Amino acid sequence: MTQQWDAGRLDSDLEGVGFDTLAVRAGQHRTPESEHSDPLFFTSSYVFRTAADAAATFAGDMPGNVYSRYTNPTVHSFEERIAALEGGEQAVATSTGMSAILATVMSLCSAGDHVLVSKSVFGSTISLFEKYFKRFGVQVDYVPLAELSGWDAAIKPNTKLLFVESPSNPLAELVDIAALAEIAHAKGAMLVVDNCFCTPALQQPLRMGADVVVHSATKFIDGQGRAMGGVVVGRREQMKEVVGFLRTAGPSLSPFNAWLFLKGLETLNIRMRAHCQSALELAQWLEQQDGIEKVHYAGLESHPQHDLAKRQQKAFGAVVSFEVKGGKDGAWRFIDATRLISITANLGDTKTTITHPSTTSHGRLSPQEREAAGIRDSLIRVAVGLEDVADLKADLARGLAAL
Ligand SMILES: *Cc1c(COP(=O)(O)O)cnc(C)c1O
């Protein structure tokens, strides 16, 4: 029935292979069934041959799985594959992107520590720091993303973490990750980068000096808008703490979702290339249209950080934001006139999506806070999918005609 596969042949030696080979092969441990595709282990617990083996495994004296809140082989394959792609020593998978951020801060910070967060991070990330971590004695301050001197000046003796997303959502601002890592390390702090928008296909923050990378795997890693998940990647010593938190607190990744993400990673690079190529084409086209006041996309020469983006990223990402004439009414008319593009806030899907940030993702901010964050009522965000770019252009042209 079963045969032992030849351990010399496959993933036993992936030293020195390229990104696309790792994306397809890293982290697979073939079972005696000789399966070619990654197996899906749908089990809550694991059995032992004897009571003594159970005792030794529980005590950590014997390797082996105990319970899927702690370890699961499918989840572990996903962790190994994403760690290989990010260039990290170890990865820990979580149930969502938010629980990746929760697990990172819970395991690396204590009451009395200070954290610096970029002003332009994901809305739920701000809420997590503001409403919850603060209640447990973590001090939090917010800093504009792009300006390095502002970060340097805001670091205090008890600053433990700097937390950024680059490029930012929805305005595509960047920070020089290598320079910010140096600033953090000079003062004994760690740099955490939410790499959701770029994925390791476009940028690998750990290789630029960042200490920890977090992801919402819900976005481009899944890539087809099906499943929620997250992951934390970093050095073994830190990931040990993250694993400890996760085993105890419980936001572990479902093996089914891990299996989807393994499949997602196999095509990550070619998908990201296609997303970015269409996004650049649409951004360049939008910039020339009457009715468009400004396009925010780091691939455009008009973007103030275009040179940094070229240096730091392999391509410029899938998210294009633009301001239309006519304020909120214009933006809503534009959105309502599209027929193909989905009106939904998700991104990283094969299907292109369109949103009005000032009344959705940023709707809870006061008008002054929105103004400070540059989220105008005339702003529209498009997360470019994988449809024919000509069809996307035709749909956006319906929006333009409605202005
Ligand atoms: C979506 C998102 C998150 C949160 O991820 P979930 O999987 O929805 O919990 C965090 N950061 C960024 C940049 C995101 O886009």
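Within segment 237-280, take every residue that is outside any helix (DSSP H, G or I) and touching a strand residue (DSSP E or B) at 6+ places or on another chain (Cβ under 6 Å) and give me the one that is farthest from residue 387 (Cα to Cα).
So the residue we want is 251.
Where in segment 87-166 are the helices (runs of 4 or more DSSP H), entirely inside, with at least 2 residues that are closer than 22 Å to residue 247 by Cβ and within 16 Å of the ligand (Cβ to nearest atom)? So that I can check it myself, show each step before the final result.
Values: elements: 97-108, 123-127, 148-154.
Answer list for segment 87-166: 97-108.
Residue-wise test of (1) touching a Lys or Arg at 6+ places or on another chain (Cβ under 6 Å); (2) of a type in the set (S, T, N, Q); (3) touching a residue at least 12 places away in the same chain (Cβ under 8 Å); (4) under 16 Å from residue 195 (Cβ atoms).
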| position | (1), (2), (3), (4) |
| --- | --- |
| 42 | no, no, yes, no |
| 56 | no, no, no, no |
| 71 | no, yes, no, no |
| 93 | no, no, yes, yes |
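Let me spell it out: the conditions are (1) over 18 Å from the mean Cα position of the chain (by Cα); (2) farther than 30 Å from residue 402 by Cβ; (3) of a type in the set (Phe, Trp, Tyr), and residue 285 meets all of them except one. Which number is the exception?
So the condition that residue 285 fails would be (2).
Those residues that are acidic (Asp, Glu) and more than 17 Å from the chain's Cα centre (by Cα), I need them from segment 61-103; list them, please. I'd like the intermediate steps shown before the answer.
Restricting attention to segment 61-103, the residues satisfying the condition of being acidic (Asp, Glu) are 61, 79-80, 86, 89.
Within segment 61-103, 61, 89 qualify.
Only one of 113, 141 is surrounded by fewer than 21 Cβ atoms within 10 Å (Cβ to Cβ), among the charged types (D, E, K, R) and within 26 Å of residue 372 (Cα to Cα). Can you tell me which?
On the way: 113 fails: within 26 Å of residue 372 (Cα to Cα).
On inspection, the qualifying residue turns out to be 141.
Can you give me the number of residues within segment 305-343 that are under 28 Å from residue 272 (Cβ atoms), assigned to a helix (DSSP H, G or I) and not small (Gly, Ala, Ser)? Let's see the steps before the verdict.
Here is the first cut: in segment 305-343, the residues under 28 Å from residue 272 (Cβ atoms) are 305-324, 331, 334-335, 338-343.
Okay, now just the ones that are also assigned to a helix (DSSP H, G or I), so 306-312, 331, 334-335.
From what is left, the residues that are not small (Gly, Ala, Ser) are 306-308, 310-312, 334-335.
Looking only at that region, the number is 8.
Which pairs turn up if I take residues in segment 340-354 that are on the phi > 0 side of the Ramachandran plot and look for partners that are part of a loop (DSSP other than H, G, I, E, B) with beta carbon separation below 6 Å, at least 6 apart in sequence or on another chain?
Qualifying pairs under 6 Å: 348/219; 348/220.
Can we say residue 284 is over 27 Å from residue 124 (Cα atoms) and either of a type in the set (Ser, Thr, Tyr) or not assigned by TED's automatic domain parsing to the domain that holds residue 39 (or both)?
Numbers: over 27 Å from residue 124 (Cα atoms): yes; either of a type in the set (Ser, Thr, Tyr) or not assigned by TED's automatic domain parsing to the domain that holds residue 39 (or both): yes.
Taking the combined requirement at face value, the residue satisfies it.
Give me the residue from segment 167-202 that is in a loop (DSSP other than H, G, I, E, B) and away from the ligand (no atom under 16 Å from the Cβ) and, out of that set, surrounded by the fewest Cβ atoms within 10 Å (Cβ to Cβ). Break it down into steps so the answer makes sense when it comes.
Going residue by residue through segment 167-202, those that are in a loop (DSSP other than H, G, I, E, B) are 167-176, 187-189, 195-198.
With away from the ligand (no atom under 16 Å from the Cβ) added as a condition, the list becomes 176, 187-189.
Details: 176: 17, 187: 13, 188: 11, 189: 23.
Among residues in segment 167-202 that are in a loop (DSSP other than H, G, I, E, B) and away from the ligand (no atom under 16 Å from the Cβ), the one surrounded by the fewest Cβ atoms within 10 Å (Cβ to Cβ) is 188.
Which number in (1) within 16 Å of the ligand (Cβ to nearest atom); (2) under 18 Å from the mean Cα position of the chain (by Cα); (3) at pLDDT 95 or above marks the one condition that residue 256 misses?
With respect to (1) within 16 Å of the ligand (Cβ to nearest atom); (2) under 18 Å from the mean Cα position of the chain (by Cα); (3) at pLDDT 95 or above, residue 256 is out only on (2).
Could you check how many residues of segment 314-351 are within 16 Å of the ligand (Cβ to nearest atom), crowded, with 21+ Cβ neighbours inside 10 Å and either farther than 24 Å from residue 267 by Cα or of a type in the set (S, T, N, Q) (or both)?
So the answer is 1.
When residue 142 is evaluated against the numbered criteria (1) under 19 Å from residue 159 (Cβ atoms); (2) touching a helix residue (DSSP H, G or I) at 6+ places or on another chain (Cβ under 6 Å), which criterion, by number, is the only one it fails?
(2)
Which residue is surrounded by the most Cβ atoms within 10 Å (Cβ to Cβ), if the candidates are limited to segment 206-225 and must be within 12 Å of the ligand (Cβ to nearest atom) and more than 12 Å from residue 192 (Cβ to Cβ)? Step through it out loud before you land on a result.
Of the residues in segment 206-225, the ones within 12 Å of the ligand (Cβ to nearest atom) are 213-222, 225.
Right, trim to more than 12 Å from residue 192 (Cβ to Cβ) and you get 216-222, 225.
Details: 216: 28, 217: 31, 218: 24, 219: 22, 220: 29, 221: 27, 222: 21, 225: 17.
That would be 217.
The values are calculated or read from the model by the stated rules, or taken from the named source; none is laboratory data. What you are looking at is a predicted structure, and each value in this text was computed from that prediction instead of being measured. Counting neighbours? That spans all protein chains shown, and the Cβs are built from the backbone with ideal geometry, glycine included.
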